[in-house]
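Worksheet: the structure to be examined is printed underneath.
The values are calculated or read from the model by the stated rules, or taken from the named source; none is laboratory data. This one's a predicted model, so the numbers in the text were calculated from it and none came from an experiment. FYI the Cβ positions are ideal-geometry reconstructions off the backbone, even for glycines, and counts take in every protein chain you see. These accessible areas exclude ligands, DNA and RNA; they are computed on the full protein's heavy atoms, side chains included. Shrake-Rupley method; radii C 1.70, N 1.55, O 1.52, S 1.80 Å.
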Amino acid sequence: MSHGHAWGEPVAGKRVDLSVRIGSLTLRNPILTASGTFGYGDEYAHVVKIASLGGVVTKTVTVHPRAGNGPTRIAETASGMLNSIGLENVGLERFRSEKLPRLRALDATVVASIGGETPEELEELLGALGDEPGVGAFEVNFSCPNVAAGGARYWADPARLESTLRRLRHLTRRPLIAKLSPDVTDIRETARACEAGGADALTCVNTFVGMAIDLERMRSKLGKATGGLSGPAVKPMALARCWEASRAVKIPVIGSGGISSGRDALEFIAAGAAAVQVGTATFVEPGASLRVVDEMRAWLAAHGVTRVEDFRGMFDAPAAQAVGVPGGAK
Ligand SMILES: Cc1cc2nc3c(=O)[nH]c(=O)nc-3n(C[C@H](O)[C@H](O)[C@H](O)COP(=O)(O)O)c2cc1C
C-alpha cells in the first residue's frame with residue numbers, strides 16, 4: 001500500500017491552505033480540540049488563541065446535569081491514561097444560558113457535543129440547541145465507555161444508530177457529526193449506518209475500554225473497574241479504525257486518538273481523515289493543539305503541499321493520481 005512518494009519542492013513563503021470542509025461548515029484548519037479535554041473552551045482562552053484553532057468540541061452535554069463517577073477518575077498508564085469521568089457536565093439549561101454566550105464571545109468555531117441515554121434525550125437536546133447562534137456543528141457522542149446507560153455498548157447497534165440519526169437530522173440545519181466507539185467488531189458497519197441515517201461526518205474514535213489493577217489493594221486503579229484509554233498508546237489502533245471508516249463512507253471522517261504532533265495529525269489525514277482532534281495531549285501541554293497546527297503547516301510547506309485537502313487520503317492514492325503535490329507524482 002506504500003507508494004514511496006516523491007514530494008515536491010518546499011513552498012517557503014507561500015501560504016499553505018489549511019481550510020477544510022465538514023458538511024456545510026468550513027474550518028480554518030483541520031485541528032479541533034477533543035470533547036472533554038478542553039472544557040467549554042473559555043477555560044483555555046488565556047493559554048491558547050482559540051480563534052486560531054480549526055474548532056473547539058465542547059464537553060458532552062446531557063439533558064440534566066450529571067455529577068459523573070466517584071473518585072478515582074484518572075489513572076496514568078504506559079504512554080496513555082485511563083479515565084472514568086462519566087460525563088460530568090452542567091446540563092442543557094446551564095450550557096445554553098452560561099456556556100454558549102461565553103463561547104460566542106471567543107470567535108471560535110464551536111462544535112457542541114451532545115449525549116443521551118435514549119434517542120428521545122438526543123431529540124430533546126437537539127430540539128433545544130439546534131438553532132442556537134454560535135454553534136457551528138453538533139457532535140453526537142455515541143461512544144462514552146464510562147456510563148451505566150446510553151454508552152458505547154448501547155450505541156454500538158447499527159440499526160439503532162441509523163434510526164436515531166434519521167430522527168435527529170431534521171432538528172438542525174447544522175452538520176451532525178457522529179462520534180463512534182473503537183470497541184466494535186467492524187467499525188465499517190457503524191460508520192455506514194450513521195451515513196445512511198443522515199450524519200454529515202463521523203469522528204473516529206472515542207476512548208478504548210481499558211483497565212489497570214493496583215495489586216497490593218487488589219482494586220482497580222479507577223473508582224470503577226474499567227475506564228477509557230487515550231493518549232499516544234492508542235494512536236496506532238485509532239489510526240487503523242479511522243482508515244477503515246474513511247474507506248467505508250463518503251462523508252468526512254474526523255480522526256481522534258493519541259494525536260500530539262503535526263506528524264500524528266498528518267498520518268490521520270493521509271489515512272483519509274478530513275480533520276483531527278487533539279485530546280489527552282492538552283493535559284500534558286495546554287497549548288498542544290496550536291502547536292499541532294504550526295507543525296502541520298511547516299511539514300506541508302517543506303514537502304511542497306499547498307492545500308491540506310490535497311493531502312487527504314494520500315496513503316491510498318495510487319502514485320499516478322497523486323494530486324496537488326507539485327512534481328509529486330512520478
Ligand atoms: C478526561 C477525558 C474526558 C473525555 N470526555 C469526553 C466527552 O465528554 N465526550 C466525548 O465524546 N469524548 C470524551 N473524551 C474522549 C476524547 O474526546 C477523545 O476522543 C479520546 O480521548 C481520544 O483522543 P486522545 O487520545 O487525543 O485523548 C474524553 C477523554 C478524556 C481523556
Completion exercise
In the range 11-43, anything away from the ligand (no atom under 16 Å from the Cβ), open to solvent by less than 30 Å² (accessible area, probe 1.4 Å) and modelled with pLDDT under 95 is listed as Val11
Exercise for the section: Answer yes if at least one residue in the range 157-174 is under 17 Å from Leu87 (Cβ atoms) and within 16 Å of the ligand (Cβ to nearest atom), and no otherwise. Expected result: no
Exercise for the section: Among what's in the range 58-83 and is of a type in the set (A, V, I, L, M) and in contact with a strand residue (DSSP E or B) (Cβ under 7 Å, 6 or more places away or on another chain), pick the residue that is surrounded by the fewest Cβ atoms within 10 Å (Cβ to Cβ). Expected result: Ile74
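Considering every residue within the range 84-94, establish whether at least one is in contact (Cβ under 8 Å) with a residue 60 or more places away in the chain, within 15 Å of the ligand (Cβ to nearest atom) and open to solvent by 50 Å² or more (accessible area, probe 1.4 Å).
Of the residues in the range 84-94, the ones in contact (Cβ under 8 Å) with a residue 60 or more places away in the chain are 84-87.
Next cut, within 15 Å of the ligand (Cβ to nearest atom) only: 84-87.
Then drop every residue that is not open to solvent by 50 Å² or more (accessible area, probe 1.4 Å), which leaves none.
Looking for residues that are in contact (Cβ under 8 Å) with a residue 60 or more places away in the chain, within 15 Å of the ligand (Cβ to nearest atom) and open to solvent by 50 Å² or more (accessible area, probe 1.4 Å), one finds none in the range 84-94, hence no.
Among residues belonging to the range 293-330 that are among the aliphatic types (A, V, I, L, M) and modelled with pLDDT under 95, point out the one that is nearest to the ligand (Cβ to nearest atom).
First, the residues of the range 293-330 that are among the aliphatic types (A, V, I, L, M): 293, 296, 298, 300-302, 305, 308, 314, 317, 319-320, 322-323, 325, 329.
Of the ones still in play, those that are also modelled with pLDDT under 95 are 317, 319-320, 322-323, 325, 329.
On the way: Ala317: 26, Ala319: 31, Ala320: 34, Ala322: 29, Val323: 29, Val325: 28, Ala329: 33 Å.
Filtering first and then ranking leaves Ala317.
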Completion exercise
Looking across the range 46-74 at residues that are of a type in the set (A, V, I, L, M) and more than 19 Å from Gly151 (Cβ to Cβ), the single one that is farthest from the ligand (Cβ to nearest atom) is Ala51
Practice task
Kindly indicate whether Glu98 is surrounded by fewer than 18 Cβ atoms within 10 Å (Cβ to Cβ), acidic (Asp, Glu) and more than 16 Å from the ligand (Cβ to nearest atom).
Solution key: yes
Handout entry: Matching residues in the range 157-170 - criterion: being in contact (Cβ under 8 Å) with a residue 24 or more places away in the chain and out of contact with any strand residue (DSSP E or B) (no Cβ under 9 Å at 6 or more places or on another chain)
Key = Pro158, Ala159, Arg160, Glu162, Ser163, Arg166, Arg167
Exercise for the section: Select from the range 246-292 the residues that are within 14 Å of the ligand (Cβ to nearest atom), part of a helix (DSSP H, G or I) and either in contact with a strand residue (DSSP E or B) (Cβ under 7 Å, 6 or more places away or on another chain) or under 22 Å from Leu25 (Cα atoms) (or both) and list them in ascending order. Expected result: Ala265, Phe268, Thr282, Ala288, Ser289, Val292
Completion exercise
Within the range 130-185, residues closer than 30 Å to Arg73 by Cα, open to solvent by 30 Å² or more (accessible area, probe 1.4 Å) and outside any helix (DSSP H, G or I) come out as Ala148, Ala149, Arg153, Asp157, Asp183, Val184, Thr185
Problem - Single residue of the range 188-223 satisfying the filter (within 14 Å of the ligand (Cβ to nearest atom) and outside any strand (DSSP E or B)) that is most open to solvent (accessible area, probe 1.4 Å) - result: Gly223
Exercise for the section: All but one of (1) modelled with pLDDT of 95 or more; (2) more than 13 Å from the ligand (Cβ to nearest atom) hold for Ala105, so report the exception by its number. Expected result: (1)
Problem - Residue satisfying condition, being at negative phi, under 18 Å from the mean Cα position of the chain (by Cα) and at pLDDT 95 or above, within set Ala78, Ala112 - result: Ala112
Problem - So Gly228, is it in a loop (DSSP other than H, G, I, E, B) and at pLDDT 95 or above - result: no
